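The values are calculated or read from the model by the stated rules, or taken from the named source; none is laboratory data. Every value quoted in this text rests on a predicted model; they were computed, and no experiment measured them. Positions of Cβ are generated from backbone atoms using ideal geometry, with glycine treated the same way; all protein chains shown enter the neighbour counts. Keep in mind that these areas ignore ligands, DNA and RNA; they rest on the heavy atoms of the full protein, side chains included. Shrake-Rupley method; radii C 1.70, N 1.55, O 1.52, S 1.80 Å.
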Amino acid sequence: MFCEVFSTLTLRCANVWLQIHCFREISLLRRQIFLQFLISGLTTLDELAKHSLPGDMWTAVHGRVLDISQFVDKHPGGQVIKLAAGRDATVLFETYHPNGVSMAVLDKYEIGKLEKSPFAPYYSWDSPFYTTLKKRVVEVLKQKNLTRRGSAEIQVKAVIILTGFWTSLAAMCLVSNLTYAYMWAIAMGFWAAFVGTCIQHDGNHGAFSGSSRLNTVAGWTLDMIGASAFTWEVQHMLGHHPYTNLLDDDGWKKEDARDKSTPAPKTTEVDQESDPDVFSSYPFMRMHPSHPRVWYHKFQHLYAPILFMLMTMTKVFHQDWELAIGKRLYHIDATCRYGDFKNVARFAMMKLLSLGYMAAAPCLAHGIGHGLGLFVIGHMACGELLALMFIVNHVIEGVAYARKSDPAGPRTDSYVTPMVELQNAVLEAAATTDEPVAKIPLNDWAAVQCQTSVNWAPGSWFWNHFSGGLSHQIEHHLFPSICHTNYFHIQSTVERTCKEFGVPYQSEPSLPTALGKMFKHLYMLGNHDSHPSWATSPSKH
Ligand code: HEM
């Protein structure tokens, strides 16, 4: 105990000393050597978690501990790097750099090695599948003369959407006819959904623009519509994206049962590899076959649309505040964002301001009853559209689910995966030729992303724009730092590469077809603990 306190104190003093003395490049080396000297032995995840605030930021990539305190402001990808602070950021690092990062950069900031996590990592990074995908996609964009991150196309689109939002809001308050006011409220809700899918989504992923500032402003539009970019980053970028449809079987139960007023458990007691999007809806909805089925789930396909309507309001009034105050979302430490007082102040200011123009203004214009009614109707329209477009990509017939306790890769409920079938077919075909084909591990990160996401209307310019790239969910999950306006340009390359490597790639021809399959799947999950049809999910090739 004494040793722990002493070493923490020494490190903190050392950091303050280094803040004061190390602002030049030459000092970086001194700082690195000094920290290397101080950290004798391996760094634990708990020690790493103590370094997540500006001026004192450590992260870990492939077992190497990096001091990124001095690098964050120089990072070519902008402020998103702060999400890596205080945690193992291997998945973020691998997935946000389609062009790779020189090892010299890592060498420059390395200060030690990470102790092995008590939880075995789910993913494998060894296959050539993701490297080949990255190389081909970067090449296609180069050939088409497109920038990876957004350009004029998304910026013009952003102006149109923002104009739509503010015009609907103003019209909702200014028209005297209440029927029209409610129609404007619905329009405002839809525009707000487009702000979410087409502006903030790219901004917070660092994909809206090459300019870090513009990305921050684009990300901030989520606060403009009443939610919080910081909360979204934690849930979506640190939870859902890296660990899509992956469930730590015991972890969610522990989190569920935990008394939230007690101190957060240590990082050795909780596993970061779990997708909050699939377990946060439980017990209201059963979205993952690992969750126990409760009697009312058999109606979930019927009541799902009602819950979807309430989604944004729950976030705005409950989840955002819980996170900002507790600095934690389920198993995810949110200190990197809400540990900074400036961020909490920004959060609170935007909450107040947005409530002013979205709720108080209509109340002033139409009276409290109708004012609140307009606010709620706007939210319901927004929540419904957003939920339908998001959930359809991951909870749908044929999609795969993964369990941390199951080492054999993502699979349908009855232990047959389309990936196994496809791999066998590809390897068999290759056996008759001279061309060797690499076998892809079932837990290959990119291959898992392809199996846990589903596209709809692939290659369509219109639907790509309408959904902010959600129609090309597989491409988005593989390349979150690439602007959504590019996805239909890279779609055929990704599909071809999947086919070549024997990795499943599921596309539904249209949104209505995909929605039909989503509701059918919700019905199946609600009415069967497991079902034979999950065992024979058709391979799409
Ligand atoms: C952990 C240590 C990290 C290091 C050393 C690092 C380093 C770099 C470097 C050298 C580049 C320029 C690459 C190029 O020119 O192609 C870059 C770009 C970028 N980084 Fe990082 N990065 C780190 C973490 C992160 C994290 C955690 C994220 C996201 C959460 C991120 C997001 C980005 C983005 C969006 C770009 C722009 C990519 C593009 O232009 O396509 N980086 N980073």
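Structure data summary
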| quantity | calculated |
| --- | --- |
| Normalised alpha carbon radius of gyration of segment 326-423 [divisor 2.2 N^0.38 Å] | 1.73 |
| Hits among aspartates and glutamates - C-alpha to C-alpha of residue 342 under 15 Å, sequence gap 8 or more where chains match | 223 |
| Simple spin-label estimate for residue 73 and residue 313 in nanometres, 7 Å along Cα-Cβ | 4.4 |
| Surface share of carbon and sulfur [accessible, 1.4 angstrom probe, percent] for the chain | 67 |
| The chain - charge dipole about Cα centre, Lys and Arg +1 at Cβ, Asp and Glu -1, debye rounded to 20 | 1020 |
| Efficiency of FRET from Cβ geometry, residue 421 and residue 321, R₀ 45 Å, rounded to 0.05 | 0.45 |
| Global geometry of segment 110-191, whether rounded, prolate or oblate, following the gyration tensor of its Cα atoms and the 1.5 cut on a/c | prolate |
| For the chain, accessible area per residue (1.4 Å probe, heavy atoms of protein chains only), Å² | 43 |
| Potential lengthening between residue 428 and residue 136 on full extension [0.36 nm per residue; Cα-Cα distance subtracted] | 102.6 nm |
| Over the chain: helical MRE at 222 nm, DSSP H runs n ≥ 4 each giving -39500 (n - 2.57), nearest 500 | -16000 deg cm²/dmol |
| Most to least packed among 207-219, 421-433 [average Cβ atoms within 10 Å] | 207-219, 421-433 |
| Computed over the chain: relative contact order in percent, which uses C-alpha pairs under 8 Å that are six or more apart | 18 |
| Segment residue 155-residue 211, length gained on full extension (0.36 nm per residue, minus Cα span) | 18.9 nm |
| Solvent-free Debye scattering, log10 I(q)/I(0), computed from the Cα coordinates of the chain at q = 0.09, 0.12 Å⁻¹ | -0.68, -1.23 |
| Rounded if a/c under 1.5, otherwise prolate or oblate - segment 378-507, Cα gyration tensor axes | oblate |
| Computed label-point distance, nm, for sites residue 178 and residue 42 using a 7 Å Cα→Cβ extension | 6.7 |
| Kirkwood hydrodynamic radius (C-alpha pairs) into Stokes-Einstein, segment 246-388, 10 °C and 1.306 mPa s, D in µm²/s | 91 |
| Furthest towards positive pole of dipole, 510, 364, 311, structure part the chain, Cβ charges | 364 |
| Rounded to 5, percent antiparallel among DSSP beta bridges of the chain | 65 |
| Listed peptides 391-397, 512-518, 200-206, 339-345 by packing density, highest first (mean Cβ within 10 Å) | 200-206, 391-397, 512-518, 339-345 |
